[in-house]
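Please read the structure below before turning to the comments.
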Amino acid sequence: MSAWIRMIQDEEADDQLKVMLDLARTPHGTVDNVMRVHSLRPNTMKGHVVLYRACLHDGANTVPMWLQEVISSYVSTLNNCHYSYANHWANARHLIGDDARADLIEAALQARSPSDAFEGAELAALTYAEKLTHSPGSMEEADVTALKSAGWGDGEILEINQIVGYFNYANRLLNGLGVTTQGDVVGYYSSD
């Protein structure tokens, strides 16, 4: 079982769901469980797909893609979301392209100590992500000012904010419904 609720398979889908499943297909031609878990409510699947792609795969984003994936992985680590971590750390590792550097970063994320692998603007982004994940009600203007002081522009700050917000949503969806990677192709760049 790959979730605690029923997920409709392609062959059982009605016309509306087929349209949403096609929208949600990965480059591998599959529909990951993170999207399929919405199959009982296709409109939430549509909203999820659109939000995900806007936050993480939009060509207008200027935060480096590898860092977007590291932020995603860190939020997922903080939330103990094994599903998102498996997928997005695989992506980050691929994009980092240096196994020794990736090992150092992964150890820092798992230790919840990003300062072991980062400094400057990258560390500021991860510090912001941690606070927004753990203490959203205590956020203040100084948290954004710290990002600006580290060199992030307002548009990039919005990107970082949206990635953090999205993964807090997705992690709760996945953890709350017991969604696993069973049957998924893990990682966007997987060649399997």
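Filtering the range 97-111 to residues that are exposed (fewer than 13 other Cβ atoms within 10 Å of the Cβ) and either under 20 Å from the mean Cα position of the chain (by Cα) or closer than 26 Å to ALA142 by Cβ (or both) leaves GLY97, ALA107, ALA111. Is there a residue being over 15 Å from the mean Cα position of the chain (by Cα) and closer than 20 Å to HIS57 by Cα anywhere in the range 130-147? No, the conditions are met nowhere in the range 130-147. Checking each residue in the range 61-98 for being of a type in the set (Phe, Trp, Tyr) and farther than 18 Å from ASP116 by Cβ picks out only TYR83. Considering every residue within the range 154-172, establish whether at least one is farther than 30 Å from MET35 by Cβ and either out of contact with any Phe, Trp or Tyr (no Cβ under 6 Å at 6 or more places or on another chain) or touching a residue at least 40 places away in the same chain (Cβ under 8 Å) (or both). There is at least one residue in the range 154-172 that is farther than 30 Å from MET35 by Cβ and either out of contact with any Phe, Trp or Tyr (no Cβ under 6 Å at 6 or more places or on another chain) or touching a residue at least 40 places away in the same chain (Cβ under 8 Å) (or both).
If you check GLU159 against the conditions, is it acidic (Asp, Glu), out of contact with any Pro (no Cβ under 8 Å at 6 or more places or on another chain) and loosely packed, with under 11 Cβ neighbours inside 10 Å? The answer is no for GLU159.
In summary, GLY187 fulfils each of the numbered conditions (1) farther than 19 Å from VAL70 by Cα; (2) assigned to a loop (DSSP other than H, G, I, E, B) with the single exception of condition (1). Scanning the range 10-64 for residues that are under 15 Å from the mean Cα position of the chain (by Cα) and of a type in the set (Val, Ile, Thr), we see that the one that is modelled with the lowest pLDDT is THR26. Listed conditions (1) in contact (Cβ under 8 Å) with a residue 60 or more places away in the chain; (2) farther than 20 Å from THR77 by Cα; (3) surrounded by 13 or more Cβ atoms within 10 Å (Cβ to Cβ) are all met by ALA146, apart from (1). ASN80 fulfils the conditions (1) under 27 Å from LEU126 (Cα atoms); (2) surrounded by 15 or more Cβ atoms within 10 Å (Cβ to Cβ); (3) not hydrophobic (A, V, I, L, M, F, W, C) except for a single criterion, (2). TYR83 meets each of the listed conditions (1) among the aromatic types (Phe, Trp, Tyr); (2) closer than 30 Å to GLY155 by Cβ; (3) not assigned by TED's automatic domain parsing to the domain that holds VAL164 apart from (3). Filtering GLY187, GLY153, GLY137 for residues that are surrounded by fewer than 16 Cβ atoms within 10 Å (Cβ to Cβ) and farther than 24 Å from GLU119 by Cβ leaves a single hit, GLY137.
The values are calculated or read from the model by the stated rules, or taken from the named source; none is laboratory data. Please read these numbers as outputs of a predicted model, since none were measured by experiment. Backbone-built Cβ (ideal geometry, glycine too); neighbour counts: all protein chains shown.
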